[in-house]
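Below: one structure, written as structure tokens.
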Amino acid sequence: MRIWMKRSGLLILALVIGTGFYVALRERPIAVDIAMVSTGPMRVTIDEEGVTRVKDVYAVSSPIMGHLDRTTLDEGHAVIANETVIASIHPLDPPFLDQRTHAELTAAVDAARSSVALAKVELHRARTAHSLALSQYNRAAKLAETRTISTSQLENSLSKTELAQAQVASMQATIGLREAELAIAEARLQQPGNVNATQTEGDCCVHIVAPIDGIILKILTRSEQAVSPGTRIAEIGDPTNLEIVVDVLSIDAARIKPGARVEITDWGGETTIEGAVDSVEPAAFTKVSSLGIEEQRVNVIVEPKTVPPRLGHGYRVLAHLKIWERDNAVQVPVSALFRSNGTWSVFEVDGGRAKLKKIEIGQMNTEFAEVLSGMNENSIVVLYPNDLLEDGSQVEERGLTR
């Protein structure tokens, strides 16, 4: 009896030890996430941020040098073509004079006044000579009636009279010239602040009016100041005539064709704006990314079909540019793909084990890849395969998603 009890105890102990070794050494299934290969509509888009802009922006600038009045209009103010005054420009004030220049101009004024006085003396002399010549002509005319003097002497007297009269007219014109020179010299002595505004009111101002019907997009020069020709004052445009500029990588720009469909989201509204690619600019430019990497970017111009009233100039949007689409594509999640010996592969779950399968893929977006060969619809694949998985590894499903 004791022998059988001893044998039974040894047998139980052996079973316990064997079970422990089995539990410790047996293959444990690897917990994985899985998904199913499906067939359905699939599209590939390039998603990039874009900026709205008015197609035709008119820059209003100063055509002349002058003093700009303070701009009273604000951004968003509606303007009417050839009616709304954007800005007014006055003549500039005269410059300050240094002591030497002031002395020179003062002397020039004195010289001009002396010239006027001298011209008036010459005018008085010319008038006296004309009066004498006229008196002599009158006496000669009476003597010629009685034939006391000859006709040639009378004509000579008339010529002297006409010459004296012309000299009077010449001196009158000279006085006008000298007075104008005096006015010029006195004007050069003007200092800033000495010019009466009412004196130049007839010459002021140059009014710059709106070139088109629209709104003011930006005021570039608001304060009162001196401006030179070409100084930009404001920008005007029609906010209902918008386009969207999306800069994409040059490698992506080569895949975008004019007329491609575009969806605009994240612009601030709840609806999606439909649009189409109008053009792809032929020249690229260098842009530094947020990671400090230089990238070659290309501007893609998108034409929206409708412009919401809340969308304005310079707004940030998110553009989804479609480059490929199919209604019945066999697709696998990109999170299941990995490279094995230079080819795309997945782990297919079959009978609780992961089987390595090489597949051929076509188009790919951020979520799915098109399966061209190597896998059928409704196959189950492992998502996010880790380094523990091998061909034939036992796996345990965490969940099944479609």
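Observations on the structure shown:
- Normalised contact order of the chain, rounded percent, pairs of Cα under 8 Å and 6 or more residues apart: 29
- Relative contact order %, segment 199-313, counting alpha carbon pairs below 8 Å whose residues are six or more apart: 25
- Most fluctuating residue given options Ala284, Ala129, Ala234, as computed from a GNM of the chain linking Cα atoms under 10 Å: Ala129
- FRET efficiency for Leu163 and Leu189, using Cβ-Cβ distance with R0 set to 30 Å, rounded to 0.05: 0.15
- What the Cβ-Cβ distance of Ala59 and Leu92 gives, at R0 = 22 Å and to the nearest 0.05, is a FRET efficiency of 0.45.
- Taking amide H atoms as placed 1.01 Å from N in the peptide plane, the amide H of Trp267 lies under 5 Å from those of Leu318, each 5 or more residues away in sequence or on another chain.
- Ratio of the Cα radius of gyration of segment 199-304 to 2.2 N^0.38 Å, where N counts its residues: 1.60
- From the alpha carbon centroid of segment 82-105 to that of segment 299-314 is 45 Å.
- Cα long-axis angle, helix 2-25 against the chain (0 to 90 degrees, to the nearest 10): 20
- Residues whose amide H falls under 5 Å from that of Ile233, counting only those 5 or more places apart or on a different chain, are Val60, Ser61, Ser62, with hydrogens built in the peptide plane.
- Computed over protein heavy atoms with a 1.4 Å probe, the carbon and sulfur contribution to the accessible area of segment 42-186 reaches 54%.
- Per residue, the chain reaches -10000 deg cm²/dmol at 222 nm when only DSSP H runs of four or more residues are counted, each adding -39500 (n - 2.57).
- Relative to the dominant Cα principal axis of the chain, helix 99-145 is inclined by about 40°.
- Neighbour cut-off at most 12 other Cβ (10 Å), DSSP loop, trypsin sites (Lys or Arg not before Pro), segment 251-314: Lys305, Arg310
- Alpha carbon centroid spacing (whole Å) that separates segment 31-48 from segment 227-296: 29
- Sites Ile380 and Arg326 - FRET efficiency at Förster radius 25 Å, r taken between beta-carbons, to 0.05: 0.65
- For the chain, alpha-carbon Rg and Dmax in angstrom: 49.1, 200
- Mean accessible surface per residue for the chain, computed with a 1.4 Å probe while every protein chain stays in place, in Å²: 63
The values are calculated or read from the model by the stated rules, or taken from the named source; none is laboratory data. What you see is a predicted model; the values in this text were computed from it and never measured. So basically every Cβ, Gly included, is an ideal-geometry build from the backbone, and we count neighbours across all protein chains shown. Keep in mind that these areas ignore ligands, DNA and RNA; they rest on the heavy atoms of the full protein, side chains included. Shrake-Rupley method; radii C 1.70, N 1.55, O 1.52, S 1.80 Å.
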